[in-house]
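*Asks:* This is the structure I have questions about; it appears just below.
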Amino acid sequence: MKPADLAQWVLLAAIWGASFLFMRVAAPEFGAWALAALRVGGAALMLLPFVWLAGHAGALRRHWKAVAVVGCLNSAIPFVLYNVASLSITAGLAAILNATTPLWGALVAWVLLGDRPGRWRAIGLAVGFIGVVWLAWDEAEFTSTHGRLATGWAVLACLGATFCYGLAANLTQRHLAAAPPLANAAGSQVASTLALTAPAAATWPAAGPSSPAWAAAAALAFLCSGVAYLLYFRLIARMGPARAITVTYLIPVFAVVWGALFLDETLTATMAGACLIIFVGTALASGLLPWRR
């Protein structure tokens, strides 16, 4: 990995790690639906000009149906679920659960697409989900307190989001392999904006959100989605998808650091241990470790 690529890889992890912090700040004031709509709407406005300049507008028109489906699975639904979860659990915990995305991708490929994993990848799936169960068992509580969503439902919301990510990744590979990634990303944000506009309008907060909440929402849209997608696709072009996707492993580290610095969140021993188990299982299941037979 060249120094410039390494710097961008770390920067991308820092940006995506910060998204969990921004959701914790903005979701209580905007609500899950409105914040998700603002995020995808802002990202769409930022990415569409790049699609036009790159000459990918025709490809976006050709693949719009598949892009719309993948967009809802890859942005609209997960963003709403993470916003809901951020009302009850820490940024670090949400980011650790986000790291299960490759596990769900491998499981969906096995169950729905018949891509049977080898021995070590199957072991990785089992190990990763053991980490998830341990983390959920320790953190999940299904009794609401002080009017907040019970942490158990928040954990399930995060896992629902990562399942959507895994499903979207497989659908992208199967139906959008010929579509330029940038067109897919921009089209996904447009489709998600259309899907979220009505529920966002219906649930728009009666009291105007504060300036910090607006700043966090803008950061989610333009930094954590718009700039992050551009960085991600640049890394894919320079490093290849297998290396670029390893950014997933660094995101929880930054999320925990940002949460500790700005929200006084703490990393528990169970979170650290389960995180390590999830990372090992994910590395095996996704083929990033050498035991791939």
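No lab work stands behind these numbers, since they all come straight from the coordinates. Here the structure is a predicted model, which is why all the values come from computation and not from measurement. Using ideal geometry, Cβ is built from the backbone for each residue, glycine included, and neighbour counts are taken over all protein chains shown.
*Asks:* Between Ala179, Ala161, Ala221, find the one with the highest GNM mean-square fluctuation for the chain; connect C-alpha pairs within less than 10 Å.
*Replies:* It is Ala179.
*Asks:* Still on this structure, I have one more. Looking only at chymotrypsin sites (Phe, Trp or Tyr not before Pro) in DSSP loops with at most 14 other Cβ atoms within 10 Å, what is the longest site-free stretch of the chain?
*Replies:* 143-290
*Asks:* Pick out which of Ile123, Ile96, Ile77 has the largest mean-square fluctuation in a Gaussian network model of the chain, springs linking Cα atoms closer than 10 Å.
*Replies:* Ile123
*Asks:* Could I ask something else about it? What percentages, rounded to whole numbers, describe P(r) for the chain computed over all alpha carbon pairs with 5 Å bin width beginning at zero?
*Replies:* Distribution as computed: 1, 6, 11, 16, 20, 18, 14, 8, 4, 1, 0, 0 percent.
*Asks:* Then there's this: Please state the charge dipole magnitude for the chain, taken about the Cα centre, from unit charges on C-beta atoms (+1 on K and R, -1 on D and E), reported in debye and rounded to the nearest 20.
*Replies:* 1140 debye
*Asks:* Once you've got the GNM for the chain with C-alpha springs shorter than 10 Å, pick whichever of Gly273, Gly131, Gly92 has the biggest mean-square fluctuation.
*Replies:* Sorting by GNM fluctuation, first place goes to Gly273.
*Asks:* Now for a different question. Where the centroid of each part is defined by its Cα atoms, how far is region 234-286 from region 59-114 in Å?
*Replies:* Computed from Cα coordinates, the inter-centre distance equals 16 Å.
*Asks:* Take each complete run of DSSP H in the chain, measure how far its Cα atoms stretch along the helix's own axis, and keep only those covering 20 Å or more with mean Kyte-Doolittle hydropathy at least 0.5; list them.
*Replies:* Helix filter hits for the chain: 3-30, 32-53, 119-139, 151-175, 181-202, 269-285.
*Asks:* For the chain, what is the calculated [θ] at 222 nm in deg cm²/dmol (nearest 500), taking -39500 (n - 2.57) for each run of four or more DSSP H residues and dividing by its residue count?
*Replies:* -23500 deg cm²/dmol
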